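See below for the structure under consideration.
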Amino acid sequence: MTAQVWQYVLAGIEVGAIYALIAAGFVLIYQVTGLINFAQGEFAMIGAMTASSLATAGMPVFAATALAVAVAAAVGGICYLAAIRPARASTGVTLIFITLGLDVALRGLALFVWGTNPLSLTPFTGGTALTIFGGVLPPQASWVFGTDVVVFAALYVFFRRTYTGTAVRAAVANPPIASTFGIPLRTFALWSFVAAAAIGGLGGVVIAPITSATYDMGLTLGLAGFVAAVLGGLESLPGALVGGFVLGIVVKVAGGLLSTGWEEGVGFLILVLVLVVRPQGLLGRAVRRA
């Protein structure tokens, strides 16, 4: 029984790493714009489907990965320019409904382009399964974990060690003063969407060899990423990492011990509990955005 639970924990760590990447996209956009982008999961779907279709057509997997991430980033930028920027003066509720519309539109476009059949992607490297204290993980899991390390380290360096990142933090802390000093808030908002879409697309690509890619995978990933972001704290990128792993472990252990049908329900139960008990999340600050 103990060995079985440990295997569920390892599976939770694996999916939690993906949830953390999706959650990072939610947090990045929210930090810069104050907007919750419910289309974030679809960027992961676009990355996964694009890479899988290009690799199936004969393109080397790493070239397909790079192009897929670029496509996801471009889609994120187009979504902002076409739907979000023209409505920036609208209420927060209106903007949230716009992102929900983008979510449905991107899923419908994927259905039109790729159809309903799942696509597969060759693992980045071969080899045997990873064995950790008796539990096993597929070789692709090491790429998932490595992607988390690279993405979160890059975000930390950008926001804490670069002039542009410092300007972004200053703009977020006090937008009126930032505008007075000529800090380009709209440009930052655009690039937050591009970066979040690229991160989501990369997350979709690295998990595609494990789960395969489908046109509707973005819905599940997006909901899980949102719960992870809220759990960790929408103001905190480290919280996105912690929230993703906590959610993944809890969901997989509950699904393994009870039933896989409980996984989604447990995730939403966690969301409700966090909103009631600690709305700012595990690592978020108890403040309210303007």
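Listing for the model above:
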quantity: Ordering of 199-212, 236-249 by burial proxy (mean other Cβ atoms within 10 Å per residue, highest first); calculated: 199-212, 236-249
quantity: Shape call, the stretch 194-290: gyration tensor on alpha carbons, a/c limit 1.5; calculated: oblate
quantity: In Hz, Karplus ³J(HN,Hα) per residue of the stretch 237-246 (6.51, -1.76, 1.60; θ = phi - 60°; x = Gly, Pro); calculated: 5, x, x, 4, 5, 5, x, x, 5, 4
quantity: ³J(HN,Hα), Karplus 6.51/-1.76/1.60, whole Hz, each residue of the stretch 194-204, x for Gly, Pro; calculated: 4, 5, 5, 5, 5, 5, x, x, 5, x, x
quantity: Longest to shortest principal axis, alpha-carbon extents of the chain, angstrom; calculated: 59, 46, 35
quantity: Distance between the stretch 227-245 and the stretch 50-96 - C-alpha centres, whole angstrom; calculated: 22
quantity: Residue-span extension gain [A129 to L109] - 0.36 nm each, minus C-alpha spacing; calculated: 3.6 nm
quantity: Accessible surface, per residue, of the chain when the full set of protein chains is kept, probe 1.4 Å, Å²; calculated: 47
quantity: Tilt relative to the chain, helix 217-232 - C-alpha long axis, 0 to 90 degrees, to 10; calculated: 70
quantity: Gyration tensor verdict on the stretch 1-144 (Cα atoms; rounded if a/c is under 1.5, prolate if a/b is larger than b/c, oblate otherwise); calculated: oblate
quantity: Fraction of accessible area attributable to carbon and sulfur, the stretch 1-160 (%, probe 1.4 Å); calculated: 73
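The values are calculated or read from the model by the stated rules, or taken from the named source; none is laboratory data. Keep in mind it's a predicted model, so treat the numbers as computed, not measured. So basically every Cβ, Gly included, is an ideal-geometry build from the backbone, and we count neighbours across all protein chains shown. Side chains included, ligands, DNA and RNA excluded: accessible areas come from the protein's heavy atoms. Shrake-Rupley method; radii C 1.70, N 1.55, O 1.52, S 1.80 Å.
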